[in-house]
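Student: Sharing a structure with you now.
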Amino acid sequence: MSLLVTGGTGFVMSNFARHWLESDPAVSVHLLDSAAWDVRLDRFFEPVRERLNFVQGSVLDQGAWERLATQPITHIVHGATITPSSGRERANPREIVEVNLMGTVNALEFARRLPTFKRFVYVSSGAVYGEALPGTPDVPVPEDGRVSPVELYGITKFGSEHITRRYGEVFGLDVASVRFSGVYGPMDRATPARAVDCVPKKIIAAALAGKPITVKALDAGGDFIHAHDVATALAGILRAPAIKHGVYNVAYGEFTSIGELIDIVRQVVPELRAEVVPESGADIAYDPRDRLGRWGDYDISRLQRELGWRPRPIGEALHSYVAWMRENG
């Protein structure tokens, strides 16, 4: 089994690629990413590096796809994207649309020409759920619930979900999309395509630096999932003999407040201090009124029923991330 992961050096996809290689000594992985290989990636992938092939190139670059065409690729996880940033959206909206939409088209065009192709998974986002309407029930967001993306990021994610579905229908491809909630974990860092730090990273970084974490509200929060748990979900979807749905939420499945995250981190870094400050001066400016839609918890029962998948308890997952941050900075 040979896997292609686009956006493969980003923090979520790198965690998935490493998990995939560690879970089966017979598989190989090809990573396609516009970012250059660096020392941090060398360290992270060192245990499995001999089964990893890195191709530097944009998903918009046909030359990069041609360099991969000779490989016996059977599965594709398309994670390459430009993540949300209001400044980037204003400065270069065309880039976001081209990478996030046409990159998906290019990945699907590549997939349908592979003689060994088996399954394609598109990495979407809970951003497609957008803002909740007044009167929306306070329940985990289901995959077939209201979808109303706001920014170009969510709009292009939802558009790519439909492009993926339609390619599956027209060309007989085995495809699915996954919607992530707030992912955190090892290798979360600034890259050319990502300028957002996850909330747990901000809390742990402050704790290990001996600084207070400043927040707008301790009762604000969201659905936070560790990248390793995302990886096990993706691996389960790829390896399943058949999948029943076109879209799956990949999330922790529960709302966790900022205050709860801080308390969990304090269990291993007791000196962590938190200060409530005005939004303009807050490291974490989440609004406590945002508890529904994309800001709420996500229904993960599809994956639980079909694959028996379940994320680790959040305390265990956060503590493992603290340990990784201590070791790697």
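The values are calculated or read from the model by the stated rules, or taken from the named source; none is laboratory data. This is a predicted model, so every value here is computed, not measured. Cβ coordinates were reconstructed from backbone atoms using ideal geometry, including for glycine residues, and neighbour counts include every protein chain displayed.
Student: Answer yes or no: is there a residue in segment 69-76 that is at pLDDT 95 or above, under 22 Å from the mean Cα position of the chain (by Cα), over 23 Å from Lys118 (Cβ atoms) and not in a helix (DSSP H, G or I).
Tutor: no
Student: Only one of Val269, Val276 is exposed (fewer than 14 other Cβ atoms within 10 Å of the Cβ), hydrophobic (A, V, I, L, M, F, W, C) and on the phi < 0 side of the Ramachandran plot. Can you tell me which?
Tutor: The conditions single out Val276.
Student: Then there is this: Quick one: count up the residues across segment 309-329 that are over 20 Å from the mean Cα position of the chain (by Cα) and touching a residue at least 60 places away in the same chain (Cβ under 8 Å).
Tutor: The number of residues fulfilling the criteria is 2.
Student: Report yes if Val178 is more than 18 Å from Ala285 (Cβ to Cβ), at pLDDT 95 or above and part of a helix (DSSP H, G or I), otherwise no. Lay out the reasoning, then the answer.
Tutor: On the way: more than 18 Å from Ala285 (Cβ to Cβ): yes; at pLDDT 95 or above: yes; part of a helix (DSSP H, G or I): no.
Considered against the rule, which asks whether it is more than 18 Å from Ala285 (Cβ to Cβ), at pLDDT 95 or above and part of a helix (DSSP H, G or I), Val178 comes out as no.
Student: What tally of residues in segment 70-92 results from selecting those that are farther than 13 Å from Thr164 by Cβ and either among the aliphatic types (A, V, I, L, M) or not assigned by TED's automatic domain parsing to the domain that holds Phe120 (or both)?
Tutor: Summing the residues that are farther than 13 Å from Thr164 by Cβ and either among the aliphatic types (A, V, I, L, M) or not assigned by TED's automatic domain parsing to the domain that holds Phe120 (or both) in segment 70-92 gives 4.
Student: Can you name the residue in segment 121-161 that is in contact with a Leu (Cβ under 6 Å, 6 or more places away or on another chain) and not in a helix (DSSP H, G or I) and, of all such residues, is surrounded by the most Cβ atoms within 10 Å (Cβ to Cβ)?
Tutor: Filtering first and then ranking leaves Ala132.
Student: Moving on to the next point. Report yes if some residue within segment 276-288 is in contact with a Pro (Cβ under 8 Å, 6 or more places away or on another chain) and either closer than 26 Å to Pro142 by Cβ or part of a strand (DSSP E or B) (or both); otherwise report no.
Tutor: no
Student: Further, regarding this structure: Starting from residues that are in contact with a Ser or Thr (Cβ under 7 Å, 6 or more places away or on another chain) and assigned to a loop (DSSP other than H, G, I, E, B), keep the ones in segment 78-107 and report whichever is farthest from Trp65 (Cα to Cα).
Tutor: The residue in question is Gly79.
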